[in-house]
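Nothing in this text is a laboratory measurement; each read-out follows from the coordinates by a stated rule. Given the structure is predicted, the values throughout are model-derived calculations rather than measurements. Backbone-built Cβ (ideal geometry, glycine too); neighbour counts: all protein chains shown.
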Amino acid sequence: MRLSRYFLPVLKETPAEAQIASHRLMLRAGMIRQQAAGIYSWLPLGYKVLKKIETIVHEEQQRAGHIPLLMPTLQSADLWRESGRYDDYGEEMLRITDRHGRDMLYGPTNEEMITDIFRSYVKSYKDLPLTLYHIQWKFRDEIRPRFGVMRGREFYMKDGYNFDLTKEDALHAYNRHLVSYLRTYERMGLQAIPMRADGGPIGGDYTHEFLVLAETGESEVFYDSEITDLKFGSREIDYDSVEQCQAVLEEFTSRYARTDETHDEAVFAEVPEERRRSARGIEVGQIFYFGTKYSEAMGANVQGPDGKPVPVHMGSHGIGVSRLLGAIIEASHDDKGIIWPEGVTPFHVGIVNLKQGDEEADAACESLYKSFEALGLDPLYDDRNERAGGKFATMDLIGLPWRITVGPRGLKNGVVELTCRRTGESEELSPVDAVEKVA
Ligand code: ATP
Ligand code: MG
Ligand code: MG
Ligand code: MG
């Protein structure tokens, strides 16, 4: 992309309404625009990162054997009356009436709808196990939308639902989700710690929240510091293996790590004092096993091996796709701007032309641009007729991992300057070597 042709409305001023770094930086970098409280337009740069995150979530879900579909945002109230949640959900549910006076709602989650789909088609235990998921906009009329996309009213979420014959099978699905979530967050450059949580309105005894430690997080958390040493890394997991998934769950949940809802001072006191931590965290996902709560209420039965109908065991599993942008930025920025982890960066490299219109500099930039494209990388070329300082400030703000600076003086010596956004270190290299280092 050439910046002269892109739409990147960066702001010079720090928006007064933004209280935390990620919200400020997303506004300043021209990633989002608020349209109403907690409702945002995703401008091109923000949209690009959102899609990258969404792609990682899809890839990791499908790697775990989960099947994508797409359910609508608007739902009929009748389904929610069947589960009893139409009245229970409260004011967070946005209720809508259509022209015929029918009660509708903008879905805050999809347990009822997916259970309806399941019961309509699946009749035999032989069709299990099954995990279906989608990535779709949700609406929750949060009492206090704030911190930008972190607590929106309209937000993008991956929600997946497993259907199993037995509790044992459903707990394997739970573990499989835990493993896939660890992989998902690490690919985004994030450490998200599974912590024992509380069932809340969706209900259920088995539940973990995934938290990214950050001072600006809304959750209070307590943990054994050893847990932050755990890395999933590049290990290969057979998602069908009950033992392998169970072993990962045990490894990542055996140390004390709880949110304030389940925190227990007496148990925490057993952790050696020097390892006890209390901190704040951002909830970027949650997994639940809730048994037959919805299948019994809504008649989602399958014929078991003995021919008798049994309600299926279910769980639901969510990732806050749009919230993740905020969480990643909270975890990775400095006073100049965002520092994107490689896995989610909107462009791989920025090219800054110090003297637009200089024949040699223009040609060198064009050639770099083409080299990156040929390698399947996505460069952003600042080809505007602007001062170098402004170009550098924009590149630092939008946080691409690498910047290549091209000017007539360097070119005389056959070099360009390659700068790493994270370390700030620069080196002079031939254009060919610079491309190689970025790739
Ligand atoms: P919170 O405790 O922050 O209100 P939640 O527990 O109500 O979140 P879940 O029902 O567990 O949310 O939804 C799954 C994920 O969706 C959450 O882990 C979070 O990452 C994301 N999420 C929930 N509410 C919002 C919101 N208002 N804005 C952005 N993301 C959200
Ligand atoms: Mg909530
Ligand atoms: Mg929560
Ligand atoms: Mg939650």
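For the range 315-392, relative contact order (Cα pairs under 8 Å, six or more residues apart, normalised by length) works out to 27 percent. Only Lys, Arg, Asp and Glu carry charge here, each on its Cβ (+1 for the first two, -1 for the last two); on that basis the range 98-244 has a dipole of about 600 debye about its Cα centre.
Can you give the longest stretch of the chain with no exposed loop site, where a site means trypsin sites (Lys or Arg not before Pro) in a DSSP loop (not H, G, I, E or B) with at most 13 other C-beta atoms within 10 Å? Don't jump to the answer; show the numbers that get you there.
Numbers: sites that count: Lys12, Arg99, Arg102, Lys123, Lys231, Arg235, Arg387.
It runs 236-386.
Where the only charges are on Cβ atoms (+1 Lys, Arg; -1 Asp, Glu), what is the dipole of the range 17-113 about its Cα centre, to the nearest 20 debye? Mind showing how you got there, number by number?
Numbers: 12 positive and 14 negative charges, 149 e Å.
Result for the range 17-113 is approximately 720 debye, rounded to the nearest 20.
Separation of the range 372-387 from the range 107-126 is 47 Å, based on Cα centroids. Relative contact order of the chain, taken over Cα pairs closer than 8 Å and 6 or more residues apart, is 17 percent. Report, ordered by chain and residue number, the aspartates and glutamates lying within cross-link reach of Lys391, taken as a straight Cα distance under 14 Å and ignoring same-chain residues fewer than 8 apart. By straight Cα distance, Lys391 reaches Asp382, Asp383. Projecting the Cα atoms of Gly315, Met71, Ala214 onto the dipole axis of the chain, where Lys and Arg carry +1 and Asp and Glu carry -1 at the beta carbon, places Met71 farthest toward the positive end.
Cα centroid distance between the range 298-350 and the range 168-187, in Å? One Cα centre to the other: 11 Å. Starting from the Cα of Arg63, step 7 Å toward the Cβ, then list every residue of the range 149-192 with an amide N under 12 Å from that point. Inside the label zone: 179-189.
With the Cα gyration tensor of the range 55-148 giving a ≥ b ≥ c as the square roots of its eigenvalues, does the rule (a/c under 1.5 for rounded; else a/b larger than b/c for prolate; else oblate) give rounded, prolate or oblate? Verdict is oblate for the range 55-148. Of all the options Pro346, Pro305, Pro44, the one that moves most in a Gaussian network model of the chain with Cα springs shorter than 10 angstrom is Pro305.
The aspartates and glutamates within cross-link reach of Lys231, meaning a Cα-to-Cα straight distance under 15 Å and a gap of 8 or more places when in the same chain, are Glu186, Glu250, Glu251.
Exceeding 20 Å between C-alpha atoms, which entries from my cross-link table qualify? They are Lys138/Lys158; Lys123/Lys293; Lys12/Lys336; Lys52/Lys370.
Numbers: Lys138/Lys158 10 Å; Lys123/Lys293 18 Å; Lys12/Lys336 12 Å; Lys52/Lys370 22 Å.
Pairs exceeding the cut-off: Lys52/Lys370.
Distance between the 7 Å Cα→Cβ label points at Thr55 and Tyr6: 1.5 nm.
In debye, nearest 20, what is the charge dipole magnitude of the range 157-200 about its Cα centre with +1 on Lys and Arg Cβ and -1 on Asp and Glu Cβ, if you could check? Display every interim value, and only then the final one.
Values: 6 positive and 6 negative charges, 39 e Å.
That gives the range 157-200 a dipole magnitude of about 180 debye.
Kindly provide the helix-only [θ] at 222 nm of the chain, computed as the sum of -39,500 (n - 2.57) over DSSP H runs of four or more divided by all residues, to the nearest 500 deg cm²/dmol?
On the way: 14 runs with 144 residues, N = 439.
Roughly -9500 deg cm²/dmol at 222 nm, from the helical runs in the chain.
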